[in-house]
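**Student:** Mind looking over this structure? Questions follow.
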Amino acid sequence: MRTTVTLDPDIDARLRALARERGVPLRVVLNDALRAGIRMGGRGEDTSYVLPSRRLGARAGIDLDKALALAGEQEDEEIGRKLDLRK
């Protein structure tokens, strides 16, 4: 069956390079790529990532129940730091 397909330039270049390497027509490489994609069902590669966890603990002198007060103190410190940079 004959049909027209519009390919992005990077995909076209990769398909043509594969066809040259394999010594087969472009249509064969294109059909193989489409078959492989259909077999995968559009799932793509498994991109799961496991991030190891670490116990951070609490810093001495910080009451975790007073998170808003802590956030306010940190904001005040940052404002002071920025004001010092302007001098």
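**Student:** Does Gly23 satisfy the criteria of being on the phi > 0 side of the Ramachandran plot and either out of contact with any Cys (no Cβ under 8 Å at 6 or more places or on another chain) or touching a residue at least 24 places away in the same chain (Cβ under 8 Å) (or both)?
**Tutor:** For Gly23, the condition - on the phi > 0 side of the Ramachandran plot and either out of contact with any Cys (no Cβ under 8 Å at 6 or more places or on another chain) or touching a residue at least 24 places away in the same chain (Cβ under 8 Å) (or both) - is met.
**Student:** Also, I was wondering about something else. Of the residues in region 41-76, how many are surrounded by fewer than 10 Cβ atoms within 10 Å (Cβ to Cβ), assigned to a helix (DSSP H, G or I) and modelled with pLDDT of 80 or more?
**Tutor:** Within region 41-76, residues that are surrounded by fewer than 10 Cβ atoms within 10 Å (Cβ to Cβ), assigned to a helix (DSSP H, G or I) and modelled with pLDDT of 80 or more number 1.
The values are calculated or read from the model by the stated rules, or taken from the named source; none is laboratory data. Just so we're clear, the structure is a prediction, and the values are computed from it rather than from any experiment. Glycine also receives a Cβ, built like all others from the backbone with ideal geometry; neighbour counts cover every protein chain displayed.
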